[in-house]
Amino acid sequence: MVTDKFNPEESTLDQDPLESDGLNLDPQGLIEKDPINLEVLKKLTGQSVLSVDQFDKELVLEVCKFAALLESKEIAKSHPLDGKIIITAFFEASTRTRLSFESAVLRLDGKIISIPEGKSTGQAKGESLPDIGEMFNAYADCVVMRHTDTDAIDEIMHNLRVPLINAGNGTGEHPTQSLADWFAILKWKPKLKGKLKPENRIHLGILGTPGSMRAVNSFLRMSLLFKDSIKKISLISEMADPLGEELTEKVEKSGIEVFISNDVNDVVSDLDIIYMNSIAFLGDSYKSLDSRFKLDENTKMKDDAVVLHPLARLDELDPMLDGTHHNLYFTQAHGAVFVRQALFISILNRFHKIPKDEIQ
Amino acid sequence: MVTDKFNPEESTLDQDPLESDGLNLDPQGLIEKDPINLEVLKKLTGQSVLSVDQFDKELVLEVCKFAALLESKEIAKSHPLDGKIIITAFFEASTRTRLSFESAVLRLDGKIISIPEGKSTGQAKGESLPDIGEMFNAYADCVVMRHTDTDAIDEIMHNLRVPLINAGNGTGEHPTQSLADWFAILKWKPKLKGKLKPENRIHLGILGTPGSMRAVNSFLRMSLLFKDSIKKISLISEMADPLGEELTEKVEKSGIEVFISNDVNDVVSDLDIIYMNSIAFLGDSYKSLDSRFKLDENTKMKDDAVVLHPLARLDELDPMLDGTHHNLYFTQAHGAVFVRQALFISILNRFHKIPKDEIQ
Amino acid sequence: MVTDKFNPEESTLDQDPLESDGLNLDPQGLIEKDPINLEVLKKLTGQSVLSVDQFDKELVLEVCKFAALLESKEIAKSHPLDGKIIITAFFEASTRTRLSFESAVLRLDGKIISIPEGKSTGQAKGESLPDIGEMFNAYADCVVMRHTDTDAIDEIMHNLRVPLINAGNGTGEHPTQSLADWFAILKWKPKLKGKLKPENRIHLGILGTPGSMRAVNSFLRMSLLFKDSIKKISLISEMADPLGEELTEKVEKSGIEVFISNDVNDVVSDLDIIYMNSIAFLGDSYKSLDSRFKLDENTKMKDDAVVLHPLARLDELDPMLDGTHHNLYFTQAHGAVFVRQALFISILNRFHKIPKDEIQ
């Protein structure tokens, strides 16, 4: 154990805690010569964020650019969420996602009412989600909900009249995760914002099955918006038809080439981005992936390939990769707080709290 | 799922989230030409709220009037609970009630330390409630407690020296619920504040057993204070003697006529107010009520009858009634936040934080 | 039940809730003619607090003196932790300790993200502590962690780059408890700060086994720093060799005489301080102590002996002692909030927020 005496020469307060192992990227690259377009962000005002399908590419870009601003400047000092209450209703428990949302709110001086897990709620007595939604109207200005049931979003929306952010619904979607994913990707290669020549477009690998993995589902949907910078998507899944009818049609419409495999080693040496996730939903429980879907130091990645993972991870992603430049997943995790800050400010229309010279 | 693109024309921020299905009532009716009497409210300063029996009618009225003020004006901006810490100790878990209290505190700029359920506490290691109370003295300015044991209030009061609010103790009481109940009733018919001619008095129906349902017990006790506006109370219960000795005596003293039945259909067509609750305590668990105690669209209510329910509900109250003018229960639920705000400001003596022109 | 009407003559707001049964001590005694030495406290800036072994006597004294200042003055009004977020990660559940830390933070206007118990976390999905630590870097400015695993501290420190406070790790340590223990002892006898003549030194009794009881382990380690005011330590334990090799060597180096027994009655009549704890760790569960390690009204203590207990207690410490002047344990518990305040201000370097005339 680290039981040395205190050493003022090594104060952690002089360091930036976001300087993690792996890639550390300057968010300024995303907003240089490309000021934030407030009119686009205002589309979010008073709105619920339920699905990636609500977003177009322009809005994804502006949310990520706003997150970049919030990461680079100390905007928090202007107390953008002053007086606002957000409920974090995690009927499906989660440390990382709940804490990420709560940190985003508290950094902006908002207040939190927390439901850390479903057993401590009236749902245990049989209360319905529409009734819970009706109650929430009186308690808060915005609700963040995670739930094991895919239908939970539809149910609570029945009576909810304050904006809802979907933080994961069963095998459905996890749209704010996708925004965090693309925030990391765009920090890594800001030129993906535009239209690339075919020979410069990237090859994106996704390990997982959209039908049973909500982060994968949402990420794939958002990636289709970037068809001008992606030449090919390789999907590595246990399923013969991991896309299903609706997604197959969407992918075909996008014009992006698709390749499907059940072993990551088939394609890994050609991938620019490898997106992976540890767990698949099976009813109310989880299932972890087998060895054909794992990355470690021996995986033959391109030298400049980056790995994304929404974490928590199990053994599919070897911590030996943490110290390498393939590690974009720590940046991805840290950036999620700023993406969520951008969403709260936009949804609750608190742009006037941001200093004028920072934003148009 | 609602996955349409964002539509700025339909921003929820332009709506009042308290505008629910059912009756929507203007709280101003309660305070028009009847200013708040601060001297009465000051009786609460530094006091614990344990039982309805501590209240007289005058104090109930002033708490409800203060809640009406807090609902109609943006008093929160004067930060009435600034610097105050409240512990919400829900040793018996509950979403709705805990969140209602926490929202009340946060809206007034107080701070919350939350115990969302009993298993995560020292009680699991065998810590006694008197010891927990002794600790609480050092941690907070006020404690809100819910507990499965009826005796829990007595036990924690042994050492507690900051005010306690009883948020439900076993089969005992739930006094702040009754204040929320009567706040809704008085918004509905402000004339019930005074003395009505016998022919104008109302017929109150209560579905449930006071001995095993704390919300019913407290509501009945508080209703007896309104003997000048209630002509008859009909109690619909499975029990032959749902009142027991002490309550029977209290009811007799009030002079209100009492009728006891075991089927709501016996009396429902004559009731002005129908108060119901879904669950009865049986030891540490719950028991739901059978069909003789249910309301739905086919129940032959008076046209202007209103239904109260402290929620959460099970199937005894059909959601088909939500959209009708019988639905006073949503108003009742939303008003609970303001009643609790009124209590905190009164108990912690923060009247000086309310702008002078709003209050005498 | 206390169901009298409200009685404004007995407002609890006129009382000091810290005025408990037992000894009530003026913290001023600790700082009179002995101003706080800020240079010593600054050793803590940006540092993690993991073990008592990091402390020397001088630093223990300054932390206790700073706690005494915080207990006597209303320093909180200068908002020392304004804008700072602290995570209270109680993977091993606890009411008292979590609430004590959260109250300390909130009183100083910091913000809390709370993990009330381990089951509601990503750890349940198999997330590793190093990964959790990596996430925490993005969420907060300081982390307080309690964990059932002794190794948990080492694991999370692998990636954590914000300061960590160890609030109890398995059978390891509980260093902030020891600071609270010595804060109470020094308030009781401020002269223990200095070097006493041998005949004035005290006899310290410890009931418990350092190897399986972390509070006892940390308390013993800190007590060895006070070798100039302790003449003898009596250890009452079920184990023949309760100290083990490393601690035996440490104790021998200190020059303090040690006596080991398995019955408190062997030595209790000569003890000045009796330190006890209720529970020993056995793997993930607890074991309570038998009758040879209990105190009640019949125990033949010295008239001016004091009892310390980190609470929660079971039946080893009879509540009949609460009302006696032997009871230093309530003062000990209440003081813990101020010790933790002192740590947060020091670790996060917020001394500039304390009014100049209060501190050098």
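The values are calculated or read from the model by the stated rules, or taken from the named source; none is laboratory data. The structure presented is a predicted model; accordingly, all values stated were derived computationally and were not measured. Don't worry about glycine lacking a Cβ; one is built from the backbone with ideal geometry, like all the others, and counts go over all protein chains shown. Note: accessible area is taken over every heavy atom of the protein model, side chains too, but ligands, DNA and RNA are not part of it. Shrake-Rupley method; radii C 1.70, N 1.55, O 1.52, S 1.80 Å.
Would you kindly calculate the translational diffusion coefficient of segment C:69-164, applying Stokes-Einstein with the Kirkwood radius from alpha carbon pairs, for 37 °C and a viscosity of 0.692 mPa s, and quote it in µm² s⁻¹ without decimals?
Numbers: Rh = 14.0 Å.
Stokes-Einstein gives a translational diffusion coefficient of 234 µm²/s.
State the Cα centre-to-centre distance between segment B:76-106 and segment A:252-276 in whole Å.
If we compute the Cα centre of each part, the gap is 50 Å.
With solvent modelled as a 1.4 Å probe, how much accessible area in total do chains A and C shield from it at their shared surface, in Å² to the nearest 100?
Details: alone 16500 and 16510 Å², together 29090 Å².
The contact between C and A buries close to 3900 Å².
For the residue pair A:L38 and B:E74, what label-to-label distance in nm results when each label sits 7 Å from Cα along the Cα-to-beta-carbon direction?
1.9 nm
Let me see the P(r) profile for segment A:306-360: every Cα-Cα distance counted, bins of 10 Å, each bin given as a percent of all pairs.
The percentages, shortest bin first, are 20, 36, 20, 19, 5.
Can I get the semi-axes of segment B:176-333's equivalent ellipsoid? Compute them from the C-alpha gyration tensor as square roots of 5 times the eigenvalues, in angstrom, largest first.
Values: eigenvalues 89, 76, 44 Å².
Equivalent ellipsoid semi-axes, largest first: 21, 19, 15 Å.
How far is C:D16 from itself in the other copies, in nm, if each label sits 7 Å out from Cα along the Cα-Cβ line, shortest first?
Between copies, matching label points for C:D16 lie 4.7, 4.8 nm apart.
Return, for the Cα atoms of segment A:39-87, the radius of gyration and Dmax in Å, separated by a comma.
12.6, 33
Keeping all protein chains in the complex and leaving out DNA, RNA and ligands, what accessible area do you get for B:H203 with a 1.4 Å probe, in Å² to the nearest 10?
Surface accessible to solvent at B:H203 totals approximately 0 Å².
Rounded to the nearest 20 debye, what is the charge dipole size of the protein assembly as shown about its Cα centre when +1 sits on each Lys and Arg Cβ and -1 on each Asp and Glu Cβ? Could the numbers behind the result be given before it?
Values: 123 positive and 171 negative charges, 525 e Å.
Dipole size: approximately 2520 debye.
Hey, if you put +1 on the Cβ of every Lys and Arg and -1 on every Asp and Glu Cβ in segment A:176-334, which of A:L192, A:I260, A:H309 ends up farthest toward the positive end of that dipole?
Most positive-ward Cα: A:L192.
Per residue of B:246-256, what is the mean number of Cβ atoms on other protein chains within 10 angstrom of that residue's Cβ? Walk me through the intermediate numbers first.
Numbers: counts 0, 0, 0, 0, 0, 0, 0, 0, 0, 0, 0.
Per residue, the average neighbour count from other chains is 0.
Send over the per residue convex hull volume for the protein assembly as shown, Cα only, as a whole number of Å³. Don't skip to the answer; put the middle values down first.
On the way: hull volume 193.8 nm³, N = 1080.
That works out to 179 Å³ per residue.
Tell me the distances, shortest first, between B:E199 and the same position across the other copies, using label points 7 Å along Cα→Cβ, in nm to one decimal.
9.8, 9.8
What's the average, rounded to a whole number, of partner chain beta-carbon atoms within 10 Å of each residue's beta-carbon in C:89-96?
On the way: counts 2, 1, 1, 1, 7, 6, 17, 11.
Whole-number average of other-chain Cβ neighbours for C:89-96 is 6.
Determine the per residue accessible area of the protein assembly as shown with all protein chains present and a 1.4 angstrom probe, expressed in square angstrom.
Numbers: 37760 Å² over 1080 residues.
With the other protein chains kept in place, the protein assembly as shown gives 35 Å² per residue.
Using the eigenvalues of the Cα gyration tensor, what equivalent ellipsoid semi-axes result for segment A:147-240 when each is taken as the square root of five times the eigenvalue, whole Å, largest first?
On the way: eigenvalues 166, 59, 17 Å².
Ellipsoid half-lengths, sorted descending, are 29, 17, 9 Å.
Residue by residue, what Karplus-based ³J(HN,Hα) values in Hz, rounded to whole numbers, does segment B:254-261 have, using 6.51, -1.76 and 1.60 with θ = phi - 60° and x for Gly and Pro?
5, x, 6, 5, 10, 10, 10, 9
Among the residues of segment A:5-20, which ones have their accessible area go down by 10 Å² or more when all the protein chains sit together, as opposed to their chain alone (1.4 Å probe)?
Residues passing the criterion (a loss of at least 10 Å², heavy atoms only) are A:K5, A:F6, A:N7, A:P8, A:S11, A:T12, A:L13, A:Q15, A:P17, A:L18, A:E19, A:S20.
Out of every Cα-Cα pair in chain B, what percent are more than 36 Å apart? Spell out each step's value before the answer.
Working: 13284 of 64620 pairs.
Tail fraction, whole percent: 21.
Quick one: how many Å² of B:K353 are accessible to a 1.4 Å probe, rounded to 10?
Number for this one is 60 Å².
From other protein chains only, count the Cβ atoms within 10 Å of every residue's Cβ in C:39-50, then give the mean. Display every interim value, and only then the final one.
On the way: counts 1, 0, 0, 3, 5, 3, 6, 10, 9, 3, 1, 4.
The per-residue average across the peptide is 4.
How big is the charge dipole of chain A about its Cα centre, in debye rounded to the nearest 20, if each Lys and Arg gets +1 on its Cβ and each Asp and Glu gets -1 on its Cβ? Present the calculation step by step, with values, prior to reporting the outcome.
Working: 41 positive and 57 negative charges, 211 e Å.
The calculated dipole for chain A is roughly 1020 debye.
For label points placed 7 Å from Cα toward Cβ, what is the shortest-first list of nm distances from A:D56 to its copies?
Spelled out, the distances from A:D56's label point are 6.8, 6.8 nm.
For A:K191, go through the lysines and keep the ones whose alpha-carbon is under 19 Å away, minus same-chain ones fewer than eight residues off.
A:K33, A:K57, A:K65, A:K227, A:K231, A:K232
Quick check for me: using +1 on Lys/Arg Cβ and -1 on Asp/Glu Cβ, what's the dipole size of segment A:176-334 about its Cα centre, in debye to the nearest 20? The partial results should precede the final answer.
On the way: 20 positive and 24 negative charges, 171 e Å.
In total the dipole reaches around 820 debye.
May I ask you to order C:319-328, B:171-180, C:216-225 by the average number of other C-beta atoms within 10 Å around their residues, highest value first? Mind dumping the intermediate values first?
Details: C:319-328: 17.3, B:171-180: 25.9, C:216-225: 23.5.
Those peptides, ordered most packed to least, come out B:171-180, C:216-225, C:319-328.
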